[in-house]
Every structure is written in C-alpha cells, then in structure tokens.
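Have a look at the structure below, then the notes.
The values are calculated or read from the model by the stated rules, or taken from the named source; none is laboratory data. This is a predicted model, so every value here is computed, not measured. When we count neighbours, we look across all protein chains shown, and the Cβ atoms used for this are built from the backbone with ideal geometry, even at glycine. Surface areas here come from the heavy atoms of the whole protein model, side chains and all, with no ligands, DNA or RNA. Shrake-Rupley method; radii C 1.70, N 1.55, O 1.52, S 1.80 Å.
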Protein chains: 2
Amino acid sequence: MYRAPVEEIAFALKHVAGLKAALDAGSFGDLGEDLVDAILGEAGRFATDEVAPLHEVGDKAGARLKDAAVTMPPGWKEAYRHWIEGGWNGLNGPEEFGGQGLPTMLGVATLEMWNSASMAFGLGPTLTMGAVEALDKHASEDLKAAYLEKLVSGEWMGTMNLTEPQAGSDLAALRTRAERAGDGSYRIFGQKIFITYGEHDLTGNIVHLVLARLPDAPAGTRGISLFLVPKYLLDDDGRPGARNDVFCSGLEEKLGIHASPTCTMIYGDGFAKDREPGAVGWLIGEEHRGLACMFTMMNNARLAVGMQGVAVAEAAFQKALAYANDRRQGKASGYSGEGMAPIVHHPDVQRNLLTMKALTQSARAIAYSCAHAIDMASVSEGTAKAHWQDRANLLTPVAKAFATDVGVDVASLGVQVHGGMGFIEETGAARLLRDARIAPIYEGTNGIQAIDLVTRKLPLGNGDHVFDYVGELDAVANAVAALNSDDYGRSAICLEQALDDLQQTTRFLQKLLEDGRSDDALAGATPYLRLFALAAGGAYLARAALAEGDAGRIALCRFFAENLLGETAALKDRVTGGAASLREAAKALVSA
Amino acid sequence: MYRAPVEEIAFALKHVAGLKAALDAGSFGDLGEDLVDAILGEAGRFATDEVAPLHEVGDKAGARLKDAAVTMPPGWKEAYRHWIEGGWNGLNGPEEFGGQGLPTMLGVATLEMWNSASMAFGLGPTLTMGAVEALDKHASEDLKAAYLEKLVSGEWMGTMNLTEPQAGSDLAALRTRAERAGDGSYRIFGQKIFITYGEHDLTGNIVHLVLARLPDAPAGTRGISLFLVPKYLLDDDGRPGARNDVFCSGLEEKLGIHASPTCTMIYGDGFAKDREPGAVGWLIGEEHRGLACMFTMMNNARLAVGMQGVAVAEAAFQKALAYANDRRQGKASGYSGEGMAPIVHHPDVQRNLLTMKALTQSARAIAYSCAHAIDMASVSEGTAKAHWQDRANLLTPVAKAFATDVGVDVASLGVQVHGGMGFIEETGAARLLRDARIAPIYEGTNGIQAIDLVTRKLPLGNGDHVFDYVGELDAVANAVAALNSDDYGRSAICLEQALDDLQQTTRFLQKLLEDGRSDDALAGATPYLRLFALAAGGAYLARAALAEGDAGRIALCRFFAENLLGETAALKDRVTGGAASLREAAKALVSA
C-alpha cells in the first residue's frame, strides 16, 4: 500500500522547485520550513492511513446512480468528512473565506498525496478548488458571500460543466442555453456530459459552474457565459433549500477512477416539478465572457491533473519496488543470499524500476516548479509578476501533458514488473494503470496541451521567455560540468546536448509560426513538448543532485542523463524533419 | 467493429515476408496464390462476421466458475463449434491426424484475425496447437493415436501447465510431483496457476500438458518431466469416460481477456472420490527431459503471442481511424467542408494515427517473417534448414516482445485518439488496451525475451547469423538509396543509420558476453531488442514500398523512417553507455 514519500516531496519542493529560497526570502510572510514540514507530515499521515484504504473499495464498489441520486462507495463519506475537518480542502483557499491561504506549492504537494492514495478521491476537491478560484476572481460579492465559505471548507463541493456531446476540445460548439429571468437570475437549459462529481452524497450541496449561451450571444467562444447553478437553491438563511432543476441522468462506466462519478447532467428539463422548468443560475463575471473565467480555473486544473500523473506514477513505483524486493525468481550475480534472488537484483528489472523512479521525479520537479511560478506571481509585482506569470503559463501544459504521460507509462511498467500478478486485479497494479489512463485526456487532451505550448506559450515575452527558462536550465548543466566529477559520468554532456536540442527546436517552431506554417508546427507539437519536458526533467534531477551532493541523487541524475535524455535527439528530428512525411502519409487516413 | 484487413495481410505475407517467392519456387508443393487468397478471404469473413461479435459479450460476461465447472460467455460455445467445423483449428495441423498441413504463415495470418476480432477467443486454440506440436514431436505412438486427431480438429482443447506460485519465469523452482504408477502411467500431485483455458465448456475433453518432477529427479530444470493429463480418462473406445483427478479451483479476475478462463488447477487432491488420489498422466518424451519438449511448444506460442500484439494493434488502429473520420471538433486547414472538421484532419491526430499504423505494419512484417523462417526450415534440408531454423530462433523473441509492446502502445494511442470517449468502456477502445496488456507478460515476459535474444540468439552461427540478417536489411536500404527518389525523402539515410546502430550495438553486446560482462549485457537487453525491431521494421516497410511502388506505402515507409527510426540512436546510447549508471543507481532500489 502507498506510503506518502514526505521527505522526497519536501526535498523536491524546497531544493528543486525553489520553495526554500522563497521561504528564506520571506516571500510567504512568516511561513517557515517547520510549518511546511509539519503540514506535509500530517498530510502524509492522512493520505497513508485514511485515504489509501479507500482506493480498492472505491474501485470495486464504484459510485452508483439510483433515481438521480449517486451513492459513493462505503467509507468514502466518512473519510471525506474527516478530511475536510482536518482543514485540507481550504489549504490554499482565500483567508477571507476561511481558507489558510497557503502557497500553491503546498496545495500541489498535498494534492499529490491524495491522488497517490486514491486518484478518484483526489479528483473531487480539485474541482471544488477550481470553482473557488473562479468565484473568488470573477463572481459578485453577493455570490461570494453566499457560496465561498462553504466551498472553501469543503462542506459543499464544486463542479465544472463544459463538455457537451458535440463540444469537447472545441468549446465553440456548445449549445446549452441560458435565459435572463428578469430578476437578475437566469434559467439554464441543456445537457452536459462527463461532469466529474456532478452528483454524489458527500456534501450537503453541489455548486455547478456551467458554460452556456444567452439568446443574443455571438457565435463561437466569444458568446459563452459562465453561470453558478447550485443543486439546492439557498433559503433566506443561506442554507440549502429547494431542489434546483438540475439532475444527473446517467453515470459513465469507465476504465478507471470508478469511485469518481462521471455524470450526464440535465439542466432545466422540468425534473423539479413544483416549478417552471429551467435550472436557476447566476452569472459569474460578465455576459459572453465566461470562457475567460473558466480559463482561470482550467489552468490550475491542468496543473492539478499533472499532479495526478505524478501521483499515480509514485504509487506505481512504490508498489513495483516493494514487489521486486519480495518476489524471488532465478539467479542474479548481484545477489549472494540463499535460494532464488529477489527480482530487484535482475538488471532488466532494475532498468524498469529506475526508469519509473527517474520519470516520476522529473515530472514532479516540473509540476512543482510550475506551482512555484504561480506562487511567485501571486506575491510579486510589476515585471517580476509578469515574469512569473509567463513562467507558470509556459510550464502548465508541460506539467499537465508530460506528467500524465509519465503516469501512464510508469503505471504500465509497474504492471510489467509484477509479471503475471500485474494482470490480476487483486494485485492493484492494473488499477493504477486504469486510473492513470484518463489523465492524458481530460482538462484538455495532451495533444491540446502541446498545441497550447507551441502556439500560445512559445510566443510569450516576444518569444524570449522560453529562452530565459532554457538559460536557467543551462546554468544547471554548466554547474554539473564545472564539478568535473566522475560520479556524474556523462551527465553534463548529455544535458547540454538535450538543452541544445531544445533551443534548436524552439527556434525552429517559432520560425514556422512566424512564416505562417502553422500546420507543420502543429505536426511537431507533441514531440516538442516531450523534448522540452525531458530536457527540463534532466536539469531538475541535476539540480537535486547538486543540492546536497547525495550519492543516490547523483546516480539517478546520471541514469536519467545517460539513459533517457538521448531521446531528445530523435524528438528533435521528429519536430524539424517529420512534418513533410506526416502530411504525405496522412492522405491515406482520410475516408473518401 | 473490426473488419479483417485481408488485402493488407495478403500483401504482407507475399511481398514483405517472402510467401510469394516461396510459392513461386514451389516450396509448399502445389499451394498457389489463389488458394492462399481464398483461405485468407474466408478466414477474414469468419473473423469479421462471427468472432468479432463475441468480443464485447466475452468481456462483459467473462468466464464463470461454479462447482469446479467453467461456463463460457453466451454464444461462445456455438461460435467455437462453428469455427472448428470450418476446419480452422487444423489449418497447420499434421495431415496424418486430419490437419491441413498448411504453412505456418497462413496459420499466423489467420491467428491474427481471430485475435483482432477477440483476443480471448484466439488464445484458446493457440494453446491447443502448441499441445498438438509437442505431442506430434515427442509423444509415443499410442498417445498420438489416442489424442491427436481430436486436438487437431479442435473437438478437444489442449493446455500448457507450467506456472506455480513460486515458479513463473524460473521453472527450476517448480514442485508439482509425479509418481510412477507401475503400469506405465503416472500420478500427478500439485497446484498450477495461471492456466489458460484450464477448464471450460467448449469441448468434450481438455488435454493438459503438465510439467512435474519425479521423486528421483535431479534438482533444477534438468529434473522436469512433461505429462499428458486429460480431464476425462479415455474409455476402451477412446471416448471421454471417468473424470480424472484434476480440477479447477479458482479463476483469476483479470484486467482484460475476461472470456479466457485463467485457472488455478489442482492435481491429485482426491476430488475424484471414487478412486485413489492422484491425477492419471502419461509421460511425453523422456523422463527429466520435459523442458525440451515444452520449449517446442513455447517457441511457437511466443510467435503466437506476438501475433496477439499485432492483432490488437490492428483492431485499435481501425477503431481509432473510424472515430477520427467521424468525430468533428474545431477547424483544420486541410478541411474545406462545412462546419467542424473531422479530427482526422488535425496534424496531431494524424501523428497518432500514423504512428499506430506504421508500428502495426512493422510488427506484422517481423512476425510474418518469423513464420516464413519456420516454414522454410520445415521444407529445407541441411545447411538451408539450419539457416532458417536460426532465423526463426533469432526473430521469435523480437516478434514476441516488440509486437506485444506495440500492441499496448497502439491500443493506448487508440484510447487517446478517442478523447473522453476512449475512457468509457462502451466505446471498446479501453477494452483493447486491457486485453493487450497481458501479451508483454505471458509466454515469457518481454524482459525474458530480450535476455533470450542477447544471450542465446546473438551467438547463433558463431555470432554470424545476426549479421547475415542485418545484411539482408541493408540490401533493402541500399535499394531505396539506389532509387534516388524524392518520394522517399530521407528514408535511405535514416534506414542506413538505424542499421548501423544495430550493427554496432550487436557487436558491442557480443563482445560483452565474450568478456564475461553478462550483467552489462543484460542491462542493455530491452533497449537492444527495441532497436533491433525498429531497424528491421523500417526495412520491412521499405520492402513493402519497393514491392509495387505504391504511393501510400512509400509515404508510410518515409513516415516511419523520418519519425520513428531516430529512436535507434538513443537506444544505442542506452545499450552501449547506460549500464554503469544503471548499476550505480540500482543500489538504492534494494531494501535493507
């Protein structure tokens, strides 16, 4: 079973992603290392002892729908109650509404733990915090006063209602309509699908954030508005009262995260029979400007999904490592004990385990660095703020896509390390793979992330910001080179080569965009994102090794550099030389 | 739903893997292209119309155990009956026992179709054919007379009983015991796990091939004997009579292939209460020489599992391609029609689909080439026979491991192309991923295959055979270069580079083995196998392109060369420069 790697997480936060420097500089007021360690330790205990046991029962029992009501698996309601009582939901929440206002880095680190313990459990509060953020930034004071405190505490949960059958990646196609009721409120009509935690029995109310179109809305994405639609309308005392006309009409049967209810939501179909049809909602922000509001929560949700990738990878690595130390088969030269050797002594198994470990740590470093940038932006002013905001924007798609790909790959390697037992559900290795597989898809597929990186993030700062970042990574490579230590093997050379590949492909793609050859740029987006992430991940592992000179970290840095970084050359070829053949070969894909 | 790609399969057999030349040379007697085409067409019809509909119901209902009896999903018994009536089980079977004695290439091609339609369906007969082969080569005339005809026809099915809880990859550890009964028969006692199709209701008898130790057996793998243990003992007329003391005590709950019963089998526990305990069995081959007999069937089973990888990849590609032509989202510059573009027009989706297509075709070419070598060995004499036998031995681990990795990767990409729908079980994309995940594990994990390739196959022919093979691939690259055609882009250069990488790493590993540095060789085995397969796959796609000069095949060859072959350089680095860092970093993996 998962045990939260509290020390590793604390190390990555402080020494790789920059938390220690920020604390020392007083960026977060009087927050100090002691409190950070205490919070991480307590979260680790809770995740290990109280959340991890929910995983198997959640997978087996799943969320169940009956008469438009969803029942969560046994024990989940109690655990959630206990979790919010611990104040975990409000960790990053605004202090004005009862939150603790702690840095995003801590929120992201604890999020990793909840998701490692049970991704279906960690997912719900992620949506709530997204709703909190959107409301805090864009909603009227009345709405904030009515809803935020309960959402921050976790007594109520929030949802994001974007997807419709014809509108997934392309939100311009959405059709859910909103009508002005004349009293300042609106009536919402339509169907939303794939709504995570759209209905459940964990909380006394559920606050839906819903994208819809007003009758006079322009076509496309500039005609979408965002509404708050509660499951229960609030009575005069602000308590959940009458049932609103929004209901769950179906749950999806999914490959994984069975305990997370994925709902089809029907708005305004007259289910609440004592009133006129129409789900009662309130506008968030301005009319027709809903997408901008939604993007506020989507960006952070993307980082949160990236954390799910890290989280599942960590859980899969722990499980595979424990199995490899326990399971004995055959002989191994490195094992001098009695009988068959634990399979961890076989070099091929070691390669799988080290690949899992190195990818997990590199993905974690990227994601935490993104969180660090978000924190620095929030405490900075002027050009510094803009710099950190750009940094967060640059790293968000990388953190989301790379970490979730790593989640799938590491979980799959974890199955492989278990041999035949990996295919048996009882073992739990396959469950992690099933859970992990959604993360590259939702909150914008990884293809969308790659396109976002290339078309929207490479131009940041007139195209210079990305080179600022690469320069920082280069400094790490230079520091390794300057050590001239045999322990690092060829790490510095491999890193410098990978960063050179990153620079060249970055310039190549920027040039393509300038020249209006966007299709060729799009064709290279996915390999580019992976190249970016590998080069960054290698540099972060080097930074970890340099921080304290620990032999294990140096060895892992070297393993990554000498075994995994070589891929960047192939990825560069794919980006810079692959588009023409792709275009030719793709002709055969299109149906007549 | 899957439609058997009969023309593509026929093309790959004839023009890539060598069937046409063999037919033209009369290697298979009067077998001609017409009959080959007719067989493939009829198999395609059966797979498409009668097997494919079994997939979903098989997955959902699964095989069910009650009172030691296993019930197959609805419709499976009838379909299997129809399938054996069509003569499909005996396609490659020995003519002496009612088989059609057709080449392995045809067997493998039809096997692909059954497995694409439903991997759980295709799996059972694979075991039966393995049992047929082991009996045909090693059993006494009496045993052959009693069992082979029914196994060849498929009226009875066969199983392979190797694995025990403590003995998976390491068969030396197995404990099932056999005692001489004094009448020429034996009594078997013990427990076997993960026995595929160990119990079911498809056939009137089940013939288990069981590895066990005699009381006076030497320790290790040289003390293992192979026994035939029927579910029902045969009466004087050769019909199934008394129940033997072998029973299924449990079914595994698995990630995929739910319709394939994975049984725990108990031998000799006294379940058949009317007799003394002990499962009645008969020796196959000589005492203590059972592993050699089992290897006969394991080699071909490994190729068959490789075909499962190809098969699932093909099914996943078809499904994703159909979805991408149907699903509309956003705008694409290549699409001039009304409204949103089918996603097949988006370059990033095209990259996923082309990667799926190219990997599938390359894996198919390798597997069919392995089958071709098996066929040529069986019709050749003297040095030619030895040559082809070496070739089959060389390619078997590559076909098994690469194709099954491709199966998982392509099925996972297939899920991704479907976006959110891919995670919903109803879509069927996730089912293919779940099924595919076992293939890299069973019949020897892919790590074991890589070790087999490096330690047992590279030394073939005094280390020269592998270079004969690379030389043949080089000739293909040279032919592309000689064309000097723009249509091939940089294909020739990329191919030559990949083959050079293959040569260098091959020599490097051979040298390591000569120097007794086997741990370093083992550390590089898995990346070496992939390098081998990519270089070979690239050459086979080039051979396909050269065969008829088809523009689509040329474009796919070029896509593979310019987008996927670049990985070989990174793999070479991993093999030649990765072991030292692996050894260092692995120290942290071993528990105190």
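Tabulated data
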| quantity | calculated |
| --- | --- |
| Among the residues listed as B:Pro459, B:Pro440, the single one being assigned by TED's automatic domain parsing to the domain that holds B:Glu496 and on the phi < 0 side of the Ramachandran plot | B:Pro459 |
| Enumeration of residues in region A:304-333 that are more than 7 Å from chain B (Cβ to nearest Cβ) and open to solvent by 30 Å² or more (accessible area, probe 1.4 Å) | A:Gln318, A:Lys319, A:Ala322, A:Tyr323, A:Asp326, A:Arg327, A:Arg328, A:Lys331 |
| Residues of region A:407-455 classified as within 8 Å of chain B (Cβ to nearest Cβ) and not in a helix (DSSP H, G or I), total | 7 |
| Breaking point among (1) in contact with a Ser or Thr (Cβ under 8 Å, 6 or more places away or on another chain); (2) of a type outside the set (A, V, I, L, M); (3) touching a residue at least 40 places away in the same chain (Cβ under 8 Å); (4) on the phi < 0 side of the Ramachandran plot, for B:Phe467 | (3) |
| Flag if A:Ala358 is assigned to a helix (DSSP H, G or I), in contact with a helix residue (DSSP H, G or I) (Cβ under 9 Å, 6 or more places away or on another chain), under 22 Å from A:Leu321 (Cα atoms) and away from chain B (no Cβ under 14 Å) | no |
| Selected residue [surrounded by fewer than 24 Cβ atoms within 10 Å (Cβ to Cβ) and either modelled with pLDDT of 95 or more or more than 30 Å from A:Ile343 (Cα to Cα) (or both)] from A:Asp435, A:Asp409 | A:Asp409 |
| So A:Ile343, is it open to solvent by 10 Å² or more (accessible area, probe 1.4 Å), in the same structural domain as A:Thr296 (by TED's automatic domain parsing) and aliphatic (A, V, I, L, M) | yes |
| Boolean, A:Leu529 is over 20 Å from A:Val466 (Cα atoms) and in contact (Cβ under 8 Å) with a residue 24 or more places away in the chain | no |
| Residue in region A:151-173 that is among the charged types (D, E, K, R) and under 25 Å from A:Asn89 (Cα atoms) present | yes |
| So A:Gly489, is it touching a Lys or Arg at 6+ places or on another chain (Cβ under 9 Å) and open to solvent by less than 20 Å² (accessible area, probe 1.4 Å) | no |
| Output for region A:257-302, where each listed residue is touching a Cys at 6+ places or on another chain (Cβ under 8 Å) and part of a loop (DSSP other than H, G, I, E, B) | A:Pro261, A:Gly285 |
| Residue match in region B:173-192 (condition: of a type in the set (S, T, N, Q) and in contact with a Gly (Cβ under 6 Å, 6 or more places away or on another chain)) | yes |
| Any hit, region A:446-454, residues being farther than 16 Å from A:Tyr528 by Cβ, surrounded by fewer than 24 Cβ atoms within 10 Å (Cβ to Cβ) and either modelled with pLDDT of 95 or more or of a type outside the set (A, V, I, L, M) (or both) | no |
| B:Ala535 vs. criteria at the interface with chain A (Cβ under 8 Å from one of its Cβ atoms), out of contact with any Phe, Trp or Tyr (no Cβ under 7 Å at 6 or more places or on another chain) and either at positive phi or not polar (S, T, N, Q) (or both) | no |
| Residue in region A:189-209 that is more than 29 Å from A:Ala120 (Cα to Cα), open to solvent by less than 40 Å² (accessible area, probe 1.4 Å) and modelled with pLDDT of 95 or more present | no |
| Close pairs from region B:96-109: first closer than 20 Å to B:Gln308 by Cα, partner among the hydroxyl-bearing types (Ser, Thr, Tyr) and buried (at least 22 other Cβ atoms within 10 Å of the Cβ), Cβ under 8 Å, at least 6 apart | B:Met105/B:Tyr368; B:Val108/B:Tyr368; B:Ala109/B:Tyr368 |
| Subset of region B:421-436 [of a type outside the set (Val, Ile, Thr) and either within 26 Å of the chain's Cα centre (by Cα) or more than 13 Å from A:Glu253 (Cβ to Cβ) (or both)] | B:Gly422, B:Glu425, B:Gly428, B:Ala429, B:Ala430, B:Arg431, B:Leu432, B:Leu433, B:Arg434, B:Asp435, B:Ala436 |
| Tally of residues being among the hydrophobic types (A, V, I, L, M, F, W, C), under 25 Å from A:Glu164 (Cα atoms) and touching a strand residue (DSSP E or B) at 6+ places or on another chain (Cβ under 8 Å) across region B:299-331 | 1 |
| Every pair of residues 6+ apart whose Cβ atoms lie under 7 Å, when the first sits in region B:544-565 and is within 7 Å of chain A (Cβ to nearest Cβ) and farther than 8 Å from B:Ser491 by Cβ while the second is open to solvent by less than 20 Å² (accessible area, probe 1.4 Å) and of a type outside the set (A, V, I, L, M, F, W, C) | B:Ala555/A:Ser581; B:Phe559/A:Ser581; B:Asn563/A:Gly578; B:Asn563/A:Ser581 |
| Residue satisfying condition, being at pLDDT 95 or above and on the phi > 0 side of the Ramachandran plot, within set A:Ile257, A:Ile224 | A:Ile257 |
| B:Thr296 vs. criteria touching a residue at least 40 places away in the same chain (Cβ under 8 Å), crowded, with 22+ Cβ neighbours inside 10 Å and among the hydroxyl-bearing types (Ser, Thr, Tyr) | no |
| Condition check for A:Ala363: within 14 Å of another protein chain (Cβ to nearest Cβ), modelled with pLDDT of 95 or more and within 17 Å of A:Leu534 (Cα to Cα) | no |
| Any pair with Cβ under 8 angstrom, 6 or more apart, that starts in region A:3-25 at a residue that is more than 19 Å from A:Leu473 (Cα to Cα) and without any contact (Cβ under 8 Å) to a residue 40 or more places away in the chain and ends at one that is of a type in the set (A, V, I, L, M, F, W, C) and assigned to a loop (DSSP other than H, G, I, E, B) | A:Leu23/A:Leu31 |
| Residues located in region B:168-188, provided they are surrounded by fewer than 21 Cβ atoms within 10 Å (Cβ to Cβ) and of a type in the set (A, V, I, L, M) | B:Leu171, B:Ala172, B:Ala173, B:Ala181 |
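One line per residue, one yes/no per condition, for (1) in the same structural domain as A:Asn325 (by TED's automatic domain parsing); (2) open to solvent by 20 Å² or more (accessible area, probe 1.4 Å); (3) without any contact (Cβ under 8 Å) to a residue 24 or more places away in the chain:
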site	(1), (2), (3)
A:Asn352	yes, yes, no
A:Ala358	yes, no, no
A:Cys370	yes, no, no
A:Ala377	yes, no, yes
A:Arg391	yes, no, no
A:Leu395	yes, no, no
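Let's see how each residue does on (1) open to solvent by 10 Å² or more (accessible area, probe 1.4 Å); (2) within 14 Å of chain B (Cβ to nearest Cβ):
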| residue | (1), (2) |
| --- | --- |
| A:Lys457 | yes, no |
| A:Asp464 | yes, no |
| A:Leu473 | no, no |
| A:Val476 | yes, no |
| A:Leu495 | no, yes |
